[in-house]
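A short worksheet on the structure shown next.
The values are calculated or read from the model by the stated rules, or taken from the named source; none is laboratory data. This one's a predicted model, so the numbers in the text were calculated from it and none came from an experiment. No Cβ is skipped: glycine too gets one built from the backbone with ideal geometry, and neighbour counts run over all protein chains shown.
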Amino acid sequence: MFRPHAVDQNESQNPIIFTMLTPEQGYAKLSSTQRNFLIRESRTAGMISVDYLTGKKYNSCRFCFTADGWKAIAGEDIAAMLTKMIPVNVENAAKHVDQLRNEITNIILIPNGLKWDSMLMPTVNEATRQSALTLYGNRCS
């Protein structure tokens with residue numbers, strides 16, 4: 001289950017995706033907490049990134065939204081994925097909440113021994129403002 005810590009338990013939905021941060025800002029946020037990963041808007045428009053710590057090593061993985069939903073991509077594949085990328089909107093994003101959760105779980109969390117409850121949640125001011133990405137909130141649990 002997608003059960004990240006909510007920013008405010010009184011809110012019906014709290015976005016789990018940070019607004020655009022640089023990788024350095026993501027690392028600084030993770031390094032100052034007991035959390036192991038965060039999800040943020042990528043510096044490449046239309047993509048999101050998952051930044052995570054394994055021990056003291058900082059890692060990042062980008063996800064691109066395609067006709068088949070969210071796909072993890074390696075750094076060298078960004079140009080190729082840009083040709084397959086489609087704009088994410090509320091309608092198509094809503095269909096892929098579980099798929100993104102599964103991709104992150106299988107590609108990042110399980111191989112690195114991480115769990116959803118180790119995710120760093122953005123504050124209301126740090127959270128994405130993109131309506132399609134705000135769907136990925138605590139209502140996904």
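Of all residues in region 116-129 being in a loop (DSSP other than H, G, I, E, B) and buried (at least 20 other Cβ atoms within 10 Å of the Cβ), which is modelled with the lowest pLDDT? Quick ask: steps written out before the conclusion?
Filtering region 116-129 down to residues in a loop (DSSP other than H, G, I, E, B) leaves 120-126, 128-129.
Those still in the list that are buried (at least 20 other Cβ atoms within 10 Å of the Cβ) too: 120-122, 128.
Working: LEU120: 90, MET121: 88, PRO122: 90, THR128: 82.
Checked region 116-129; the qualifying residue modelled with the lowest pLDDT is THR128.
Looking only at region 100-109, decide whether some residue is more than 19 Å from PRO15 (Cα to Cα) and free of Cβ contacts under 8 Å to residues at least 24 places away in the same chain. Scanning region 100-109, I find at least one residue that is more than 19 Å from PRO15 (Cα to Cα) and free of Cβ contacts under 8 Å to residues at least 24 places away in the same chain, so the answer is yes. Within region 89-107, being closer than 14 Å to ILE16 by Cβ and hydrophobic (A, V, I, L, M, F, W, C) holds for ALA93, VAL97, LEU100, ILE104.
Annotation for region 98-111: no member residue is part of a strand (DSSP E or B) and either of a type in the set (A, V, I, L, M, F, W, C) or exposed (fewer than 12 other Cβ atoms within 10 Å of the Cβ) (or both). Of all the listed residues (ALA127, ALA45), the sole one being without any contact (Cβ under 8 Å) to a residue 12 or more places away in the chain and within 18 Å of GLN25 (Cβ to Cβ) is ALA45.
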